[in-house]
Amino acid sequence: MTQYKIPVIPGDGIGPEIIREGRKVLDTAGERFGFDIEWVEYPHGADHYLKTGELISEDTLKELSQYKAIYFGAIGDERIKPGILEKGILLNIRFYFDEYVNLRPVKLLEGVWTPLKDKTAKDIDFVVVRENTEDFYIGIGGRAKKGKSKKTLEVMRNMYSVKFGLDINSDSEEIGYQLGLISKEGTRRVIRYAFELAKDSKKHLSSVDKANVLSDIYGFWREEFTSIAAEYSDVKTDFNFVDAITMWFVKNPEWFDIVVAPNMFGDIITDLGAMIQGGLGLAPGGNINPEGTSMFEPIHGSAPKYKGQNKVNPIATIWAGALLLDQLGEKDASSAIVRAIEQNIVNGKVKTYDMGGTSKTSDVGSDIARLVKEV
Ligand code: IPM
Ligand code: MN
């Protein structure tokens, strides 16, 4: 029997209740496919921060680096200013472990309602590969009042570091600015990951940018994409401006197989992706460092107003657990979980309120766990 040790951060709001169901399903999959999971709980999130002042410490991150995959619920709490937990915990984990791929399947499962009229499960089935460590997410910027001021901004990464020395002279009453950057190393590795996916699955690859306007940053992205494309002559490719791709996701989602996007555009288009696959309750994500520690989470937030009601849909989290098992190499267990989710939906009996049902979070988890043994 294979033994896995998996750290789990349930987090805030509905985090603990959806993670409980994810664990239930993964444990059951282990019984069938011959592995056993020892879960190692971490308390990080709003309560822990309010109690101890720790968001997530260097020591904790070091400790987590011994693992291949972290299971993550959700963070966010009304008592804490927006951005503190997101940056201090979620983005911190993504950056610290250099999880440069944010993999977000956009797949309409059989039996799920989509707001796109006349589109079915056959039409909506693609994967977004979102760059996850650069772009406007590097977290540097500032504000400056009228007059002269200086500022030094630094980006430190494993692969490189960059220092900007700004000499500001402005006669506006006040400005706010944010610097985004992409590096050759950071861009090439995520685009290469997407090409490998496309090659293995014999699918076509679409690149997202805004090279027509933000040409320094996204013109660079497009150049690197073109250069890597030359090594993959079997993979068909196309370019999409980000504004246009939101239109195509709605009008012709069947066109897409694999989509690769810079961080911020990837963030935006995957919320749209989540909606066309049936809603945020159904959309999982993986933050992947193929050689290091990855982290798997639903793409929705902590939904504090539903906390503790055993009401929300656990499917995104269960599906994220399937992605986690896939990363660990448990391919059969992973696909059985996705089939069990699909079967639960097709049966149509045990479903949460967002899918038109009255079942509890825990009922859906138990039903999918039962199905995992059969499908
Ligand atoms: C997501 C979220 C995060 C992001 C936030 C919470 C920092 O929106 O995972 O898509 O912007 O990446
Ligand atoms: Mn987002």
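Round to a whole angstrom and tell me the spacing of the C-alpha centers of the stretch 226-305 and the stretch 126-199.
Here the two parts' Cα centres lie 20 Å apart.
Of the DSSP beta bridges with both residues in the chain, give the percent that are antiparallel, rounding to the nearest 5.
55 percent
Where is the GNM fluctuation largest for the chain (alpha-carbon springs, 10 angstrom cutoff): GLY141, GLY286, GLY165?
So, out of GLY141, GLY286, GLY165, the one fluctuating most is GLY165.
Need one word for the stretch 139-179: rounded, prolate or oblate. Basis is the Cα gyration tensor (sqrt eigenvalues a ≥ b ≥ c); a/c below 1.5 gives rounded, then a/b vs b/c decides.
In terms of gyration-tensor shape, prolate.
D for the chain, whole µm²/s, Stokes-Einstein with Kirkwood Rh over alpha-carbon pairs at 10 °C and 1.306 mPa s: what number?
For the chosen part, D equals 73 µm²/s.
Using the Karplus curve 6.51 cos²θ - 1.76 cosθ + 1.60 with θ = phi - 60°, work out ³J(HN,Hα) for each residue of the stretch 285-295 in order, rounded to whole Hz, and write x for Gly and Pro.
Running phi through 6.51 cos²θ - 1.76 cosθ + 1.60 with θ = phi - 60° gives x, x, 9, 10, 10, x, 9, x, 9, 9, 9 Hz.
Of all the stretches in the chain, which is the longest one without any exposed loop site, taking GluC sites (Glu not before Pro) in a DSSP loop (any state but H, G, I, E, B) with at most 10 other Cβ atoms within 10 Å?
Segment 1-230 is the longest.
Counting other beta carbons within 10 Å of each residue's own, what order do PHE97, PHE136 fall into, fewest first?
Taking fewest neighbouring Cβ atoms as first place, the list is PHE136, PHE97.
On a 0 to 90° scale, report how tilted helix 331-347 is relative to the longest principal axis of the chain, with both axes built from alpha carbons and the result rounded to the nearest 10.
Its long axis makes an angle of about 70 degrees.
Against the longest principal axis of the chain, how steep is helix 184-200, in degrees 0 to 90 to the nearest 10, with axes from Cα atoms?
Result, in degrees: 30.
For LYS199, list the lysines whose Cα falls under 17 Å from its own Cα; do not include residues on the same chain fewer than 8 positions away.
The qualifying lysines are LYS236.
Fewest first, what order do TRP113, TRP255 take by the number of other Cβ atoms within 10 Å?
By the 10 Å Cβ count, ascending, the order reads TRP113, TRP255.
On C-alpha positions alone, give me the angle between the axis of helix 315-327 and the longest principal axis of the chain, in degrees, nearest 10.
80 degrees
Residue by residue through the stretch 130-141, what is 3J(HN,Hα) from phi via Karplus (6.51 cos²θ - 1.76 cosθ + 1.60, θ = phi - 60°)? Round to whole Hz and write x for glycine and proline.
Computed from phi, the couplings for the stretch 130-141 are 9, 5, 10, 10, 10, 6, 7, 8, 5, x, 10, x Hz.
Would you mind ranking LYS5, LYS68, LYS81, LYS351 by Cβ crowding within 10 Å, fewest neighbours first?
Ranked by crowding around the Cβ, least crowded first: LYS81, LYS5, LYS68, LYS351.
List, in order, the whole-Hz ³J(HN,Hα) value for each residue of the stretch 213-230 obtained from phi through the Karplus relation with A = 6.51, B = -1.76, C = 1.60 and θ = phi - 60°; use x for Gly and Pro.
For the stretch 213-230, the Karplus curve yields 10, 8, 6, 5, 7, 8, x, 4, 3, 5, 4, 5, 4, 4, 5, 6, 4, 4 Hz.
Please tell me the relative contact order of the stretch 139-179 in percent, rounded to the nearest whole number, where contacts are Cα pairs under 8 Å and at least six residues apart.
54 percent
Any read-out appearing in this document is the output of simple, stated calculations on the displayed coordinates, not a laboratory observation. No experiment lies behind these values; they were computed from the predicted model shown. All Cβ positions, even for glycine, are placed from backbone atoms using ideal geometry, and neighbour counts span all protein chains on display.
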